[in-house]
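Computed from the coordinates by the stated procedures, all read-outs in this text should not be read as laboratory data. It should be emphasised that the depicted structure is a prediction, and the values quoted were computed from it without experimental measurement. Glycine gets a Cβ as well: all are built from the backbone with ideal geometry, and neighbour counts include every protein chain shown.
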Amino acid sequence: MTLKLLALASLAAGMTWCQKDLADASLEQLLDTKVTTVSKKEQNLARTAAAVYVVTREDIERSGATNLPDLLRMVPGVNVAQIDGGSWAISIRGFNSRYSTNVLVLIDGRSVYSTAYSDVYWDQIDLPVAEIERIEVVRGPGGSVWGANAVNGVISIMTRNSKTAHGGSASLGSGSYTHASDTASYGGRIGSGGSYRVWGAYNDIADSVQPNGAAGGDGWERGHGGFRSDWSIGQRDSVTVEGDLYYNQAGHTVESLLGLPGGTISWRRQEAGGGSILGRWTRTADNGAEQSLQFYYSASHRTELGVPMKENSLDFNYQNRRRLGSRNEVVWGAGYRRTDTDFSPQSWVSFSPPARADALYSAFAEDEIRITNNLGLTLGTRVEHNPYTGFNVEPSARMAWTATPSSTFWLSAAHAVGQPGRVESGIDGAATESLGPGMAVIVSLLGNTHQRADSVDDYEAGYRAQINRYLSLDVAAFGSLYKGMVTIDTLPPSMVQEGGGYEPLLPYVFGNGGKAVNYGGEVSATWNATSRWRISPAYSMLHVNYRVNSASQVEVNPYLALCSPEYTWQVRSLLDLPAKLSFDTTVAWTSRLAGNEIPAHWRLDVRVARRLGESAEVSLVGQNLLQPRFLEFGNTYGIVATEFPRSIFGRVVFRF
């Protein structure tokens, strides 16, 4: 690592570096941040009637993170827990697991939600952090504009516009756990109205540690490359085209179906690869009206828990925004998405049918009504049709009152639904579990072709204010009522012939017998203690009251209800020191996870960086510094959880 740092530092002389001091970003600028995820249009964050958190470019650069999940750790209300080297459990406001079905994730407006396992594969979508401009996280339903699976929230990742990132950059990093995290990019102009940016990245992550001290066998490698091109055509039209290709390989220690005691533990290799292409055209009229058309295509192959699968998606979306009179601004649109999935049958599991094409049709409309200069009401709804649950309607209402120029109170109510995936509707799996010497049982899991959509009715209130020129405050409280949540129900046991004898069969089937009432809130603040020192504390509270309709059901979601912490808090400190030094720390505390029997734990991350001239920066990052290693989550959906060591990571970045 030392040789890498010295080599790159020697190349840095004479190059141009652009970094803002903390004093350059006032609280007024922070409150004037624009967000687009809440209503699919640009809005002022300070006056938005939703619980929104923005991870800015500065947050990203000073986080020391090398992956997307670690960036999301700073967002209040978002629970991030690493399961093993390449698997994460990430949720918003509860029900965290390997497959978090109720969070919609977008990259530049493109959904990366997989309908195969109703999940987001974080190792598969991981972007180089240097290519991310900002991340907008909406806590609470976003179904009225984004549709199915935006139940607990929306995470919108936005990459850097090629017009703002000319020239070249390179980053080389290595450490005790992250053996390599290297990126390179170059951008420039095309003619008078176009620009481009190409990039590539390579990551090599070491094995974590099993609880018994052995190697976790879960190290992974990733190669990822992409491009983005942005064009201005005349004064009204703009076009964006972007795409990427990637390949991952990793290992997992897995347990057999349902993970019953005595189940077989084995090691499996996981591979994933694919790519995507996106095009978006936008036209803005003289009166401010705007319309856009977006297209994307993605293709991927993946071996998930030993089952090879392919998934291809084709998506078209049209959107129109215009003012109607002096008090109404309407956004409406329509979309079509086709998803093809194909599973290769295995000896222990298959899907019926193995290959399937699903079409999703949608339309939405939202009207922002200015009742007075200080009071606004937004009404919206989305109608969708999918082949699993038919038509679904997702309405919402939000109100914002700007009590003073520097403070806003807001209220919201929304209904959102989750769409079942291929697993819940079509899986047919069976495995033999050992219950002791000479004792075995066959466990089967069946999909339910009549699976319904789960839904939530959510009610929220919030307050956002700039207390003075040094301090800003953001408070949100919520209550959510869930119905039709996914359960795994028991069927009558039987005896089946196996080999030369008979063994008991315990069959399970997916159902919709769960209900829950969640309530809680989040508080975050930003305090500019001095012109060179910013402190950002955050606190989250979540309470879940879950029940099932019948005692005959396996209570999977009660387990999930206990896998999100009831309380979390953190304090982030960004400090600029003399001699072009910066010292950034994050101290975080997470309450125990009763469902995983994970005790409450602390986390300390530290980043020290120094600029070399105006063109380069050297940084050293320490993660999980308070203990030699710790377990952050438990076994979930076949993945055996591992412990993560204290780690040190060094990086050099230079630009030219």
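Things to note:
- Annotation: amide H-H contacts under 5 Å for Arg134 (H modelled 1.01 Å from N, sequence separation of 5 or more, or interchain): Met158.
- Net charge over other residues, Cβ less than 13 angstrom from the Cβ of Phe295 (K, R count +1; D, E count -1): +1
- Electrostatic tally near Pro504: other residues with Cβ closer than 13 Å to its Cβ, Lys and Arg +1, Asp and Glu -1, net -3.
- Segment 214-356 - Rg over Rh from alpha carbon coordinates, Kirkwood radius: 1.17
- The ranking of His252, His450, His601 from fewest to most other beta carbons within 10 Å of each one's beta carbon is His450, His601, His252.
- Gap separating the Cα centres of segment 134-159 and segment 192-234, nearest whole Å: 23
- Each residue of segment 363-522 gets 160 Å³ once the volume of the Cα convex hull is shared out per residue.
- Segment Tyr463-Ser344, length gained on full extension (0.36 nm per residue, minus Cα span): 37.8 nm
- Loop-resident chymotrypsin sites (Phe, Trp or Tyr not before Pro) (DSSP state other than H, G, I, E or B) in segment 192-242 with no more than 14 further Cβ atoms inside 10 Å of their Cβ are absent.
- Summed over qualifying helices (DSSP H, 4 residues or more, each -39500 (n - 2.57)) and divided by its residue number, the chain shows a 222 nm mean residue ellipticity of -1500 deg cm²/dmol.
- Pairwise centroid distance, computed over Cα atoms, of segment 307-348 with segment 493-538, Å: 26
- Excluding the site residues themselves, the longest part of the chain lacking any GluC sites (Glu not before Pro) in a DSSP loop with at most 14 other Cβ atoms within 10 Å is 43-596.
- A straight line joining the Cα centroids of segment 267-291 and segment 33-108 runs 18 Å.
- Cα gyration tensor category, rounded, prolate or oblate, for segment 502-610 with a/c compared to 1.5: prolate
- Only lysine pairs 8 or more places apart or on separate chains count here, and in segment 2-655 those with Cα atoms under 28 Å apart total 12.
- Among Arg322, Arg302, the ranking by other beta carbons within 10 Å of each residue's beta carbon, starting with the fewest, stands as Arg322, Arg302.
- Within the chain, antiparallel bridges make up roughly 95 percent of the DSSP beta bridges whose residues both belong there.
- Efficiency of FRET between Val517 and His179 - r from beta-carbon atoms, R0 56 angstrom, step 0.05: 0.80
- Using only alpha carbons, segment 273-409 has a radius of gyration to Kirkwood radius ratio (Rg to Rh) of 1.14.
- Convex hull volume per residue, computed on the Cα atoms of the chain, equals 145 Å³.
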